[in-house]
Amino acid sequence: RRSVAEGLLDANMSILVIPGGMEEQLLTEHGKEIVYLTKRKGFVKLAMRKGVSIVPVYVFGSSDLFHTSNFLLAARHWIMKNLKCCIPLTSGLFGSACPLPVKTTIVMGDPLTFRPKIGGQPTADELDVAHKAYMTALTNLFNEHKESLGYADRELEII
């Protein structure tokens, strides 16, 4: 919730935001590097309003931890949108709920700070510029590390 995030930031605490949300949980595909970020600007706006930096982070291997299924995807998407309940269908080790034995590596980029001209009140244009800069930084972070981590054959797709 935004109010919780704002309270933590007001208390000078750091927060971790996973902007892909339920959409990313539901639509993750095994073997593909896809992030659902194009329409996710709230975390950038919050950072701009509170004057805090955003650190781009990517987890290599996370999309390979489970095999995923598109079975009844339309129905599950409707449930997600209307009932706010995400039902990803996955299978792991030997078809169980245990993740597959895949190495995961977390990489972090340099902090990004975006300052609106009027303190704490970013304009739509300022927000768009900052959001695009974040997506570019995330893509660059992915490309910088993908070969050394065994993902040279993959591209990061931002939807």
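Computed values, structure above
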item	result
Charge sum, other residues only, whose C-beta stays under 12 Å from Leu27's C-beta, Lys/Arg counted +1 and Asp/Glu -1	-2
GluC sites (Glu not before Pro) restricted to DSSP loop in the range 1-92 with at most 14 other C-beta within 10 Å	Glu29
By accessible area with a 1.4 Å probe, ligands and nucleic acids excluded, highest first: order of Arg115, Arg49	Arg115, Arg49
Computed accessible area, Thr68, all protein chains, 1.4 angstrom probe, square angstrom	60
Apportionment of accessible area to carbon and sulfur, the range 55-157, percent (1.4 Å)	60
Cβ-defined net charge surrounding Leu37, 11 Å radius [Lys, Arg +1; Asp, Glu -1]	+1
Full-extension gain in nm, Val59 to Glu29, via 0.36 nm per residue minus C-alpha separation	9.4 nm
Accessible area expressed per residue, the range 53-159, with surrounding protein chains retained (probe 1.4 Å, Å²)	64
Dipole-positive endmost among Val4, Leu100, Ser62 within the chain (Cβ charges, Cα centre)	Val4
Approximate spin-label separation Ala133-Glu157, in nm, with each point projected 7 Å along Cα-to-Cβ	2.9
Translational diffusion coefficient (Stokes-Einstein; Kirkwood radius from C-alpha pairs) of the chain at 4 °C, 1.567 mPa s, in µm²/s	75
About the Cα centre, charge dipole magnitude for the range 1-151 (Lys/Arg +1, Asp/Glu -1 at Cβ), debye	520
Alpha carbon Rg of the range 1-88, scaled by the compact-globule rule 2.2 N^0.38 Å	1.26
Accessible area of Asp128 in the full protein assembly, 1.4 Å probe (Å², nearest 10)	70
Convex hull projection area averaged over all views, the range 104-159, Cα basis, nm²	4.9
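The values are calculated or read from the model by the stated rules, or taken from the named source; none is laboratory data. This one's a predicted model, so the numbers in the text were calculated from it and none came from an experiment. Quick reminder, even Gly has a Cβ in these numbers, built from the backbone with ideal geometry, and neighbours come from all protein chains shown. With ligands, DNA and RNA removed, areas are computed over all heavy atoms of the protein, side chains included. Shrake-Rupley method; radii C 1.70, N 1.55, O 1.52, S 1.80 Å.
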